[in-house]
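The values are calculated or read from the model by the stated rules, or taken from the named source; none is laboratory data. Quantities reported herein were computed from a predicted structural model and do not represent experimental measurements. No Cβ is skipped: glycine too gets one built from the backbone with ideal geometry, and neighbour counts run over all protein chains shown. Areas reflect the complete protein model, heavy atoms only, side chains present, ligands, DNA and RNA absent. Shrake-Rupley method; radii C 1.70, N 1.55, O 1.52, S 1.80 Å.
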Amino acid sequence: MRQPLVAGNWKMNGSRASVFELLTGIREGVKTVPGVEVLVCPPYIYIPEVQGQLHGAPVSWGGQDLSLQESGAYTGEVSGPMLVDFGCSYVIVGHSERRSYHVESDEQVAAKFAAALQSGLTPILCVGETLEQREQNTTEEVVARQLNAVIELCGIAMLGMGVIAYEPVWAIGTGKTATPEQAQDVHGFIRGMLAQQDSAVAEKIRILYGGSMKPSNAAELIGKPDIDGGLIGGASLKAEDFIGICQAANN
Ligand code: PGA
């Protein structure tokens, strides 16, 4: 049985005041979802606040990205060991916004996946196709390529130490959610592809859905056999919505 994971990706949002309010709501709400693993990924600068405020609560926190390097002359970067130093247990790698705005290649994302594991963090590997790729019927090809880059560098066993998030780019922040069937098709494809290499990894690994997930559509999505939770952007910024999604995953 895979425990559902609901992860909030705050992206570049928040202020000290709004973070305080959001965490207060999450601390309270998480009591209602004992079956779900709950995670928040704030902007780096708020991580110490999050660590302080979530102390003792059953909520984990993590980064939205990490440097390939451990330390040194890399202006603006934050490393895996630094995240660990502030109590992070997870880190997102290969989010489509990093892949597009920061031109991160599949190989760089794979190297970040390895760097995360090396630091003792659990990487959440984002994969997913653009609208154009979906229309060209290359969704499976794109997702397989993104996954294979990690398998080639790290091996299937190491991939199995992470989490996968399937995030169709056309559904991110657009309000356009993949239908539960569309999402399940790709989740099933991913699990099947991994099963060809290692059935134990395929069975164990959690595959989250991300892209305009909200309380009103979460239950149907997470109810699908291969959808093990969500990576939530916009709806993770309001405690009520985020906890609503956690509650859908708790059933
Ligand atoms: P969204 O973002 O929920 O706002 O669509 C999801 C994500 O980018 O992780």
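Of all the residues that make up the stretch 27-48, how many are away from the ligand (no atom under 16 Å from the Cβ), closer than 30 Å to residue 202 by Cβ and open to solvent by less than 70 Å² (accessible area, probe 1.4 Å)?
Narrowing the stretch 27-48 to residues away from the ligand (no atom under 16 Å from the Cβ): 27-37, 44-48.
This time we only want the ones that are closer than 30 Å to residue 202 by Cβ, so: 30, 33-37.
Subset that is open to solvent by less than 70 Å² (accessible area, probe 1.4 Å): 30, 33, 35-37.
Matching residues across the stretch 27-48 total 5.
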Against the definition (more than 16 Å from the ligand (Cβ to nearest atom), out of contact with any strand residue (DSSP E or B) (no Cβ under 7 Å at 6 or more places or on another chain) and open to solvent by less than 30 Å² (accessible area, probe 1.4 Å)), how does residue 67 come out, yes or no? yes
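Quick check on residue 97: is it within 16 Å of the ligand (Cβ to nearest atom) and not in a loop (DSSP other than H, G, I, E, B)?
Numbers: within 16 Å of the ligand (Cβ to nearest atom): yes; not in a loop (DSSP other than H, G, I, E, B): yes.
So residue 97 passes the test.
Residue-wise test of (1) more than 22 Å from residue 155 (Cα to Cα); (2) not polar (S, T, N, Q).
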| residue | (1), (2) |
| --- | --- |
| 21 | yes, yes |
| 30 | yes, yes |
| 33 | yes, yes |
| 68 | no, yes |
| 105 | no, no |
| 110 | no, yes |
| 114 | no, yes |
| 131 | yes, yes |
I need every pair where a residue in the stretch 4-20 that is among the small types (Gly, Ala, Ser) has its Cβ under 7 Å from the Cβ of a residue that is assigned to a loop (DSSP other than H, G, I, E, B), sequence separation at least 6 or different chains. 14/42; 14/43
Need pairs with beta-carbon distance below 7 Å; first residue farther than 18 Å from residue 204 by Cα and within the stretch 226-238, second modelled with pLDDT under 95 and surrounded by fewer than 20 Cβ atoms within 10 Å (Cβ to Cβ); sequence gap 6+ or separate chains. 233/173; 234/173
Being away from the ligand (no atom under 16 Å from the Cβ), buried (at least 21 other Cβ atoms within 10 Å of the Cβ) and not hydroxyl-bearing (Ser, Thr, Tyr) narrows it down to one residue among 117, 83; which is it? 83
Restricting the stretch 223-241 to residues that are over 15 Å from the mean Cα position of the chain (by Cα) and within 22 Å of residue 184 (Cα to Cα), which is farthest from the ligand (Cβ to nearest atom)? 225
Odd one out for residue 24, checked against (1) touching a residue at least 40 places away in the same chain (Cβ under 8 Å); (2) within 25 Å of residue 228 (Cα to Cα); (3) open to solvent by 20 Å² or more (accessible area, probe 1.4 Å): (2)
Counting only residues that are touching a helix residue (DSSP H, G or I) at 6+ places or on another chain (Cβ under 9 Å) and either open to solvent by less than 30 Å² (accessible area, probe 1.4 Å) or at positive phi (or both), how many does the stretch 96-110 have? 5
Quick one: what pairs do we get from the stretch 64-84, first residue touching a residue at least 24 places away in the same chain (Cβ under 8 Å) and closer than 17 Å to residue 163 by Cβ, second basic (Lys, Arg) and open to solvent by less than 70 Å² (accessible area, probe 1.4 Å), C-beta under 8 Å, 6+ apart or different chains? 64/11; 65/98; 65/112; 66/112
Note on the stretch 209-222: residues closer than 10 Å to residue 183 by Cβ, within 9 Å of the ligand (Cβ to nearest atom) and in contact (Cβ under 8 Å) with a residue 40 or more places away in the chain are 210, 211
